Amino acid sequence: MIRSTSLWYVYPLFKHVSFGVIGEKHADLLQQYFRVERIDELSFPLIQIVSHPLVLIQPYFYPMQKFEKKIVRNLKKINGIIGVDVADSDHITQYAVRLTDYATAMIVPSNFSKRSYVNSGVKRPVHVVPHGVDIEWIEAPKQQPTIFHHLAKLKERRNLKLILCWVMHSPVRKGLDLLLQYYQTLMREYNQVLLVIKTAHGIEYFSKTVEKADGKILIKWLNEREKMELFDICDLYFLSSRGGAFEHPPLEALTRGEIVLGAKGGAWEDYLPDWALIPSRRSGQVLPNNEIHDGCGVEVLVDKAVDKTIEIFNNMDEYRARVQEHINTCVKQNFTWKVIGEKLRNVVQKYL
């Protein structure tokens, strides 16, 4: 049902960043139920407001830091603000907590993020609306290799297991050092393996050493079909992150039937099966000197991760069947965009 009250969704319209991707998806989902105006985050503070809209802002903290005074001057002209943001560690700063006071409510993508906000002193309601996948990610058949044809041939020719990880930015938070330590330890016990890393510049893969890539595919941003193809080629996604509010690529990998391992205690506990959570320890600060995120995260115990990986590689059929069962019993029920759209609608309706 379309409501007469207008709804504005403010997000990065002209920057290719993850906040923009999720913002676009949220706006599409909400448009099924409400009249939605899409506003770029840098334009929002300059707009003369006359319609008294309910405003969703994603990310919330960046424009509030940059344009706090301008946005605050318009608070009486709007029906409220729902801030959509993340917690990359288990605590946010008092400055961040103060900024949330301008919001009517907050939306975060995981229970980990909600605990971080609440434990840091956020007084506004905090709602969990996770990221998701389209049902096509579950139902589409395996993609025939095209852009990753060489990688698929290399895997077949050398009878390799491919381990994938996304490290697009923030190498400390993403645990790049833990990923390399894990891979070097694994190679001493299981040498038919290839590490594939998606970086901000492309895809690099490593066999004998992590000092020099065996090959590189220069493509900065993968479309949906290309991501499916890469996930379908790889055997295991190693989520090395110390922090993060959700980590979307591992969910996408899981949805394509790829085995995913991550540290116990992270935000990904919401969507990973228990057997995929590796014992961990508390890390140091995930993002030192950050104005918003000043807490810690979790570090996977590398030896435990290596042991679990070898067990999986020796029992691939069993673990692939476990993944498929988890898709049917958890992912389909909780992490498709259709289900998430209904959750998002229910949150928004509370404040209209």
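Points to keep in mind about this one:
- Test: residue in the range 309-329 that is buried (at least 23 other Cβ atoms within 10 Å of the Cβ) and in contact with a strand residue (DSSP E or B) (Cβ under 7 Å, 6 or more places away or on another chain): yes
- Gly297 vs. criteria on the phi < 0 side of the Ramachandran plot, assigned by TED's automatic domain parsing to the domain that holds Asp85 and in contact (Cβ under 8 Å) with a residue 24 or more places away in the chain: no
- For the range 44-62, the condition of being closer than 29 Å to Val118 by Cβ, in the same structural domain as Gly341 (by TED's automatic domain parsing), in contact with a Phe, Trp or Tyr (Cβ under 7 Å, 6 or more places away or on another chain) and among the polar types (S, T, N, Q) holds for at least one residue.
- No other residue among Leu352, Leu301, Leu344 is aliphatic (A, V, I, L, M) and modelled with pLDDT under 95 apart from Leu352.
- A single entry from Leu162, Leu179, Leu186 fulfils the requirement of being modelled with pLDDT of 95 or more and in contact with a Leu (Cβ under 7 Å, 6 or more places away or on another chain): Leu162.
- Looking only at the range 248-298, and only at residues there that are aliphatic (A, V, I, L, M) and closer than 15 Å to Ser116 by Cα, the one that is surrounded by the most Cβ atoms within 10 Å (Cβ to Cβ): Ala267
- With respect to (1) touching a His at 6+ places or on another chain (Cβ under 7 Å); (2) surrounded by 17 or more Cβ atoms within 10 Å (Cβ to Cβ); (3) assigned by TED's automatic domain parsing to the domain that holds Gly257, the lone exception for Ala105 is condition (3).
- Residues that are in contact (Cβ under 8 Å) with a residue 24 or more places away in the chain and under 15 Å from Arg242 (Cβ atoms) within the range 263-280 comprise Ala263, Lys264, Gly265, Gly266, Ala267, Trp268, Glu269, Ile278, Pro279, listed in sequence order.
The values are calculated or read from the model by the stated rules, or taken from the named source; none is laboratory data. Every value quoted in this text rests on a predicted model; they were computed, and no experiment measured them. Glycine also receives a Cβ, built like all others from the backbone with ideal geometry; neighbour counts cover every protein chain displayed.
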